[in-house]
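Report on the following structure.
The values are calculated or read from the model by the stated rules, or taken from the named source; none is laboratory data. These figures come from a predicted structure and were not determined experimentally. Using ideal geometry, Cβ is built from the backbone for each residue, glycine included, and neighbour counts are taken over all protein chains shown. Surface accessibility is based on the protein's heavy atoms, side chains included, excluding ligands, DNA and RNA. Shrake-Rupley method; radii C 1.70, N 1.55, O 1.52, S 1.80 Å.
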Amino acid sequence: MDGGTLLHALNLVYELSTLALTTLGLAVVFGLLGVMNMAHGEFVMIGAYSVVAVQQWGLPTLAAFPLAIAVCAALGWVVERWLIRPLYRRPFDTLLATWALAMLMRKVVEAIWGKGFRNVDDALTVAVPIGNTSYPAYRLGLIALTIVLLAALVFWYRRSSAGLRVRAMTGNPMLAQALGIDTQRLASRTFIVGVVLAGAAGVMLAPLIRIEPGIGVDYLLDAFFVLVVGGLGTLGGLAGGVGVIGGSQALVSSLFGQTSGYAVVLVISILFLWLKPDGIFARR
Amino acid sequence: MDRRLFLQSTAAASVLGVAHPVFAADAVKVAVMIPQSGPAGLFGPSAKACAELAAETINARGGLLGQKIELLFGDAGLAPAEASQAALKLWKGSGAAAVIGMHDSAVRGALVGLFKGQVPYFYTPVYEGGECAKGTYVNGETPQQQLQPVIPWIAAERKPKKWYLIGNDYIWGRNTNAAAKGYIEKTGAQVVGDEYLPFTVDNFDASLARIRDSGADAVLVSLVGGASVGFNKAFASFGLADKALRLGTLIEENTLAGIGLANAKNLYSSAGYFANIATPAAQAFAAAYGKRFGPQAPALNGLAESTYEGFLMLEAVARKAGALSVAKMDAACEGASYSGPRGAVTMKARHVEQDVYVADVADKGFRVVKTFSHVSSGQTCKA
């Protein structure tokens, strides 16, 4: 493989990895609970600002992980308990409520750090030689980490009894409850897992992306397109959505420029929405 | 206004008011259109502070044509139609006698259409050139101003042979790169590629691969805000910062903060203002700003500071014309001049001749490495 081809291949894998990483949390929440969490991107943003915070305090960058997990988990618990729970089975109301939550989160971060751009330093963002080309070391690590994370999640979902209970709850909530599964608590935990995944994605992406309070919407849109294409509730669907959206965008962008790449994503999403109109809110 | 702010501003006013200038009975209202929301909203607080400082400074030396300036703020961060509604309220509703605008060109187009030369309008930020409407006075740097002396200077210093031009897909990005092409070819270098990205793009890998393949040793970055941040970070992470120099005409202090100093190796920025210009006038301005707004003040940058320049130009043109009417000001504006934080600024063809600074990035941020005096805007605006 010559250097150019390898570079394009790595770019493609990187794009798919970041897309999978940022979509995962929304896929869990949307797929398993049927909640369209419009504040999903804001949890990614919180993750990125966790890195800004620990660097401001002079702590090692890795400290951002526990910070982001703690903040997102606490926030997730509160939000599920008092915002989402009263609105289950009312998808449109949930959508509005979480959109408001997104605005609130943006404003709070703006109040603390201001609207300006932030940067986090990471020594690993330098390029290292690989094959006949060179690639940023941090990106290679991110790709590996994403693969491990996805594999672990699939394994957990398929093998653990918690995974089994989640599948029971989403398959037939009434029956699961009759069998003694505490679906309320399970739903709360599932939501927390979803937003913590989003926060962790934000921590991992922080050295590579622009950081400002408004970045959330980028990640929400991309994740939404993936779920439109991939459908809900299955990891296979997630993989398919990531492949179609990320792959076509990367390929068309390389060949015909960025405008065409973005247009293709929109066209694909519209086609899916049009041909599978019940695919989105038909859960539960 | 909360109590603390009130106390602070009263204290500041009493300090500034030592000279107790005698004002004519009425105050003159000046509308200030700055982005208070939207993507450019991050410049709102610093632009507002600069406008307040300008008004206080002018009032302290006797006001505008002897009248005390009273500021009215409108949000220019909205869609053009809504922003012009806001401007209409300030102009017809509240009776603003002049307008200072620091906002994008789409809003400028709407405001020029609204005012139709009936109220003097001072447009202050970096822009693409070409605005020749009556009663519109432009202080901002044009592409010609920022590039015409700078590209030959970079050619002499760094000797790049192949330039790659990248920009956001709208009038400023395209006009800037179009102007650059001519200057680059005059230096004997070659333009090996140019491309324009929509504002939605946040992954620049495809463009970076093309830049790498083109063998470019210089890149003109005409991307804006977040796009510039994302592009420059990725550019450095691919190790391209050592292979090619970068030049930008809208990389100000906020954008650099987002890029990160470590990612700004071999990056040059060309502008009419940087927060750390070492001239006495610029340092006095920065000191006054720091004293007036305290350590928590929104950071100074070229876009916000242009608002201050707009007021100085309003004062200069009004003094020359003797009235705040467009007919008199249009007739008198040619040659109106003042000396401000940017240096000596002179109005020519309702644009300005001003100094242009080139900065590179050192361990504390921008470092001005070259100053060009009295650079023409390259605009001719007949009539």
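Can you pull out every residue in the range A:97-128 that is among the small types (Gly, Ala, Ser), open to solvent by 20 Å² or more (accessible area, probe 1.4 Å) and more than 26 Å from residue A:86 (Cβ to Cβ)?
Within the range A:97-128, A:111, A:114, A:123, A:127 meet the criteria.
Being within 20 Å of the chain's Cα centre (by Cα) and open to solvent by less than 40 Å² (accessible area, probe 1.4 Å) is true for just one of A:4, A:31. Which residue is that? Steps first, answer last, please.
Working: A:4 fails: within 20 Å of the chain's Cα centre (by Cα).
Step by step, each of A:4, A:31 is checked, and only A:31 is within 20 Å of the chain's Cα centre (by Cα) and open to solvent by less than 40 Å² (accessible area, probe 1.4 Å).
Restricted to the range B:37-52, and to residues that are open to solvent by less than 10 Å² (accessible area, probe 1.4 Å) and either touching a Lys or Arg at 6+ places or on another chain (Cβ under 9 Å) or over 24 Å from residue B:27 (Cα atoms) (or both), which residue is nearest to the other protein chains (Cβ to nearest Cβ)? Before you say what the answer is, go through the steps one by one.
From the range B:37-52, those open to solvent by less than 10 Å² (accessible area, probe 1.4 Å) are B:41, B:44, B:46-47, B:49-51; that's our starting set.
Cutting the leftovers down to either touching a Lys or Arg at 6+ places or on another chain (Cβ under 9 Å) or over 24 Å from residue B:27 (Cα atoms) (or both) gives us B:41, B:44, B:46, B:49.
On the way: B:41: 6, B:44: 8, B:46: 9, B:49: 13 Å.
Restricting to residues being open to solvent by less than 10 Å² (accessible area, probe 1.4 Å) and either touching a Lys or Arg at 6+ places or on another chain (Cβ under 9 Å) or over 24 Å from residue B:27 (Cα atoms) (or both), the top hit is B:41.
If I filter the range A:252-262 down to residues being surrounded by fewer than 19 Cβ atoms within 10 Å (Cβ to Cβ) and more than 22 Å from the chain's Cα centre (by Cα), which single residue comes out as nearest to residue A:229 (Cα to Cα)? Let's see the steps before the verdict.
Pass one, the range A:252-262, residues surrounded by fewer than 19 Cβ atoms within 10 Å (Cβ to Cβ): A:254-256, A:259-260, A:262.
Pick out the ones that are also more than 22 Å from the chain's Cα centre (by Cα) and you get A:254-256, A:259-260.
Details: A:254: 22, A:255: 22, A:256: 22, A:259: 20, A:260: 19 Å.
Here the residue is A:260.
Looking only at the range B:190-227, count how many residues are within 12 Å of another protein chain (Cβ to nearest Cβ), more than 23 Å from residue A:10 (Cα to Cα) and open to solvent by less than 10 Å² (accessible area, probe 1.4 Å).
Total satisfying the criteria: 1.
Being within 17 Å of residue A:10 (Cβ to Cβ) and assigned to a loop (DSSP other than H, G, I, E, B) is the filter; apply it to the range B:235-252 and report the residue that is farthest from the other protein chains (Cβ to nearest Cβ).
B:238
Of the residues B:57, B:124, which single one is polar (S, T, N, Q), modelled with pLDDT of 95 or more and out of contact with any strand residue (DSSP E or B) (no Cβ under 9 Å at 6 or more places or on another chain)?
Just one listed residue meets the conditions, B:57.
Name the one entry in B:87, B:156, B:83 that is farther than 24 Å from residue B:316 by Cα and surrounded by 21 or more Cβ atoms within 10 Å (Cβ to Cβ). Show your work before the answer.
Numbers: B:87 fails: farther than 24 Å from residue B:316 by Cα; B:156 fails: surrounded by 21 or more Cβ atoms within 10 Å (Cβ to Cβ).
It is B:83.
Going through A:241, A:231 one at a time, which residue ends up being on the phi > 0 side of the Ramachandran plot, of a type outside the set (Asp, Glu), touching a residue at least 40 places away in the same chain (Cβ under 8 Å) and away from chain B (no Cβ under 13 Å)? Walk me through how you get there before you give the answer.
Numbers: A:241 fails: on the phi > 0 side of the Ramachandran plot.
After applying the criteria, what remains is A:231.
Against the definition (out of contact with any Ser or Thr (no Cβ under 9 Å at 6 or more places or on another chain), open to solvent by 50 Å² or more (accessible area, probe 1.4 Å) and at positive phi), how does residue A:131 come out, yes or no? Before the answer, list the steps.
On the way: out of contact with any Ser or Thr (no Cβ under 9 Å at 6 or more places or on another chain): yes; open to solvent by 50 Å² or more (accessible area, probe 1.4 Å): yes; at positive phi: yes.
Considered against the rule, which asks whether it is out of contact with any Ser or Thr (no Cβ under 9 Å at 6 or more places or on another chain), open to solvent by 50 Å² or more (accessible area, probe 1.4 Å) and at positive phi, residue A:131 comes out as yes.
Confirm whether residue B:97 is over 22 Å from the mean Cα position of the chain (by Cα) and within 30 Å of residue B:294 (Cβ to Cβ). Step through it out loud before you land on a result.
Details: over 22 Å from the mean Cα position of the chain (by Cα): yes; within 30 Å of residue B:294 (Cβ to Cβ): no.
Spelling it out, it is not the case that residue B:97 is over 22 Å from the mean Cα position of the chain (by Cα) and within 30 Å of residue B:294 (Cβ to Cβ).
Please go through (1) within 18 Å of the chain's Cα centre (by Cα); (2) over 23 Å from residue B:64 (Cα atoms); (3) touching a residue at least 60 places away in the same chain (Cβ under 8 Å) for residue B:278 and return the number of the only condition it doesn't satisfy.
Among (1) within 18 Å of the chain's Cα centre (by Cα); (2) over 23 Å from residue B:64 (Cα atoms); (3) touching a residue at least 60 places away in the same chain (Cβ under 8 Å), the lone unmet condition for residue B:278 is (1).
In the range A:73-95, what residues are under 19 Å from residue A:43 (Cα atoms) and either without any contact (Cβ under 8 Å) to a residue 24 or more places away in the chain or open to solvent by 70 Å² or more (accessible area, probe 1.4 Å) (or both)?
The answer is A:74, A:77, A:78, A:81, A:82, A:83.
Which of the strands (runs of 3 or more DSSP E) found entirely inside the range B:139-229 contain at least 1 residues meeting this: aromatic (Phe, Trp, Tyr)? Quick ask: steps written out before the conclusion?
Details: elements: B:162-168, B:190-197, B:218-222.
Those strands (runs of 3 or more DSSP E) span B:162-168, B:190-197.
What about residue A:59, is it in a helix (DSSP H, G or I) and of a type outside the set (Phe, Trp, Tyr)? Reasoning before the result, please.
Values: in a helix (DSSP H, G or I): no; of a type outside the set (Phe, Trp, Tyr): yes.
Here the answer is no, as residue A:59 does not meet what is asked.
Could you figure out which of (1) more than 13 Å from chain B (Cβ to nearest Cβ); (2) part of a helix (DSSP H, G or I) isn't true of residue A:36?
(2)
How about the range B:159-178: which of its residues are aliphatic (A, V, I, L, M) and open to solvent by 20 Å² or more (accessible area, probe 1.4 Å)? Even if it seems obvious, please write down each step before you answer.
First, the residues of the range B:159-178 that are aliphatic (A, V, I, L, M): B:165-166, B:171, B:178.
Passing the criteria: B:171, B:178.
Which of the residues belonging to the range B:281-322 are in contact (Cβ under 8 Å) with a residue 60 or more places away in the chain, small (Gly, Ala, Ser) and open to solvent by less than 20 Å² (accessible area, probe 1.4 Å)?
B:282, B:302, B:304, B:306, B:310, B:318 - these are the residues of the range B:281-322 that are in contact (Cβ under 8 Å) with a residue 60 or more places away in the chain, small (Gly, Ala, Ser) and open to solvent by less than 20 Å² (accessible area, probe 1.4 Å).
On the given criteria, is residue B:75 among the acidic types (Asp, Glu), modelled with pLDDT of 95 or more and not assigned by TED's automatic domain parsing to the domain that holds residue B:252? Reasoning before the result, please.
Working: among the acidic types (Asp, Glu): yes; modelled with pLDDT of 95 or more: yes; not assigned by TED's automatic domain parsing to the domain that holds residue B:252: yes.
Answer is yes for this residue.
Confirm whether residue B:269 is assigned to a strand (DSSP E or B), buried (at least 17 other Cβ atoms within 10 Å of the Cβ) and away from every other protein chain (no Cβ under 14 Å). Break it down into steps so the answer makes sense when it comes.
Details: assigned to a strand (DSSP E or B): yes; buried (at least 17 other Cβ atoms within 10 Å of the Cβ): yes; away from every other protein chain (no Cβ under 14 Å): yes.
Yes.
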